[in-house]
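To keep things clear, I will list the structure first and then write my remarks on it.
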Amino acid sequence: MANQTLCILGGTGFVGRHLVRALHDAGHTVRVLTRRRERHRELLVLPRVTVDEVDIGDPEALTAAFTGCSAVVNLVGILNEKGRDGAGFEAAHVALPERVIAACRTAGVGRLLHMSALNADPEGPSHYLRSKGRGEALVHAAHGPDLAVTSFRPSVIFGQGDGMFCRFAGLLALAPVFPLACASARFAPVWIDDVVHCFVQALDDPATYGERYDLCGPEVWTLHQLVEYTAREAGMNRWIVPLGEDLSRMQAWFMEWLPGKPFSRDNIASTTLDSVCSGPFPAVFDRVPATIEQVVPGYLGTRQKNPRYSGMRRFARR
Ligand SMILES: NC(=O)c1ccc[n+]([C@@H]2O[C@H](COP(=O)([O-])OP(=O)(O)OC[C@H]3O[C@@H](n4cnc5c(N)ncnc54)[C@H](OP(=O)(O)O)[C@@H]3O)[C@@H](O)[C@H]2O)c1
């Protein structure tokens with residue numbers, strides 16, 4: 001049903017930017033809630049999209065923002081927290097979904113799409129996966145006649161502006177030798193358009209109510225293969241050096257002290273589980289997911305004149 005008013009949390013991120021555009025193009029009016037409106041003016045070029053600065057820690061502000069919306073999409077997620085005790089993960093992945101459910105109830109919103117992650121599990125090996133698992137469990141505990149919940153559990157997602165190929169291309173541009181932690185970790189990368197397709201369809205497909213969907217691409221790659229492919233596609237001749245367990249942990253420990261904490265020991269703990277689906281792409285979405293080779297050359301090709309500068313621009317997300 002087109003022409004609904006939807007409210008999205010985390011709509012300014014990588015997944016959010018693609019999803020907001022797709023929902024807009026499907027005829028919906030989209031209200032994006034953000035912590036910092038001035039950073040996301042690019043979304044305002046879409047005529048039926050508004051970007052509102054809202055304190056999503058405040059239950060009343062959340063309820064006010066949801067009022068008049070027929071569905072809420074919660075994409076908020078972090079890969080690393082500022083501290084080390086799991087409190088940041090708990091706030092973003094558990095406490096926020098709890099407030100979202102309460103605000104949906106108070107505002108009379110009957111539909112909630114929730115973004116989780118593959119391997120999310122309250123008993124998982126990392127703060128990230130445990131908190132994602134608890135958040136997912138509590139949104140499904142809230143599923144019922146007044147609130148229809150669907151959650152999505154993707155492997156790593158790729159597409160224009162992603163945190164994988166674009167980020168690695170930027171990092172590879174910095175030096176000819178690239179030490180790589182967790183090189184043997186396995187992923188089934190899924191294309192952002194395939195993920196977005198599922199969200200858009202699920203919005204008003206009753207067959208998806210109450211369901212959780214693992215989303216994977218058609219191929220399994222090791223991290224080493226993914227980084228080698230990135231270097232090749234971006235036209236860079238690089239020596240990629242897989243690090244053993246101890247050196248991987250040492251690199252992660254060091255990077256935990258860098259601004260923005262780009263990598264952590266918690267990330268290493270997450271990769272101890274293969275990020276790979278146990279079955280095919282969910283049949284309800286009637287979609288053949290794309291391969292990396294079908295998509296990535298379109299945004300990471302070697303056509304640019306200077307791959308070093310292009311890599312740096314991608315790293316800086318410009
Ligand atoms: N990308 C992947 O490969 C992948 C794979 C599996 C699952 N996921 C899940 O998909 C979701 C979206 O991922 P993404 O790659 O789009 O992430 P992203 O680019 O980092 O965007 C996340 C958004 O969440 C909001 N946010 C971040 N930290 C927050 C906090 N502490 N409190 C409130 N809001 C916060 C931010 O919005 P504002 O700054 O505007 O407030 C940000 O735009 C996440 O839940 C992630 O765990 C992603």
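Readers should treat all values here as calculations from the given coordinates under stated rules, not as data from a laboratory. The structure displayed is predicted, hence computed values, not measured ones. Here Cβ is always computed from backbone atoms with ideal geometry, including for glycine, and neighbour counts include all displayed protein chains.
FRET efficiency for the Asp193 to Met250 pair, using the beta carbon distance and R₀ = 30 Å, is estimated at 0.20. Cβ-Cβ distance of Ala207 and Ala64, R₀ of 45 Å, FRET efficiency by 1/(1 + (r/R0)^6): the value works out to about 0.90. On full extension, the segment bounded by Thr291 and Ala91 gains 68.6 nm, given 0.36 nm per residue less the C-alpha separation. Of the chymotrypsin sites (Phe, Trp or Tyr not before Pro) found in region 223-268, those that fall in a DSSP loop while having at most 16 other beta-carbon atoms within 10 Å are Trp257.
Computed about the Cα centre, the dipole magnitude for the chain is approximately 1220 debye when only Lys and Arg (+1) and Asp and Glu (-1) carry charge, each at its Cβ. Karplus-based coupling profile of region 148-162, in residue order and whole Hz: 8, 10, 9, 10, 10, 10, x, 6, 4, 9, 10, x, 3, x, 6, with θ = phi - 60° in 6.51 cos²θ - 1.76 cosθ + 1.60 and x standing for Gly or Pro.
At 25 °C and 0.890 mPa s, grab the translational diffusion coefficient of region 6-101 from Stokes-Einstein with a Kirkwood Rh over Cα pairs, rounded to a whole number in µm² per second. Rounded, D is 178 µm²/s.
Loop-located trypsin sites (Lys or Arg not before Pro) in region 9-41 (DSSP state other than H, G, I, E, B) with a sparse environment of at most 15 neighbouring Cβ atoms within 10 Å: Arg35, Arg36. Working note: Karplus 6.51/-1.76/1.60 with θ = phi - 60° gives region 107-114 the couplings 8, x, 7, x, 9, 9, 9, 10 Hz, where Gly and Pro are set to x. Per the Debye calculation on the chain with a single equal scatterer at every Cα and no solvent contribution, log₁₀ I(q)/I(0) for q = 0.10, 0.11, 0.16 Å⁻¹ amounts to -0.57, -0.70, -1.48. For Ser151, the residues 5 or more places off, or on other chains, whose built amide H falls under 5 Å of its own are His114, Glu211, Arg212, Tyr213.
With θ taken as phi - 60° and the Karplus curve 6.51 cos²θ - 1.76 cosθ + 1.60 applied, the whole-hertz 3J(HN,Hα) list for region 186-193 is 10, 9, 10, x, 10, 6, 4, 5 Hz, x standing for glycine and proline. Take the Cα of Arg105, go 7 Å toward its beta carbon, and the backbone nitrogen atoms of region 53-85 under 15 Å from that spot belong to 59-60, 63. With pairing defined as another cysteine C-beta under 4.7 Å, the cysteines of the chain that fail it are Cys104, Cys166, Cys182, Cys198. For the pair region 66-127 / region 8-42, the C-alpha centres are spaced 17 Å from each other.
Take every Cα pair under 8 Å whose residues are at least 6 apart in sequence, average their separation, divide by the length of the chain, and the relative contact order is 18 percent. Under the simplified labelling scheme, the Thr272-Asp25 pair shows an inter-label distance of 4.1 nm, with each label point 7 Å from Cα along Cα→Cβ. Restricting the GluC sites (Glu not before Pro) of region 111-217 to loop positions (DSSP other than H, G, I, E, B) with no more than 12 neighbouring Cβ atoms within 10 Å leaves Glu123.
Scaling against 2.2 N^0.38 Å puts the C-alpha radius of gyration of region 174-276 at 1.34.
Between the amide H of Asp52 and those of Val32, Leu33, Thr34, distances stay under 5 Å, these residues lying 5 or more places away or on another chain, with hydrogens modeled in the peptide plane. Positive end of the dipole of region 1-144 (Cβ unit charges, origin at the Cα centre): among Ala102, Cys69, Pro122, the Cα lying farthest that way belongs to Cys69. Compared with the alpha-carbon gap, the fully stretched path from Leu243 to Arg35 is longer by 71.2 nm at 0.36 nm per residue.
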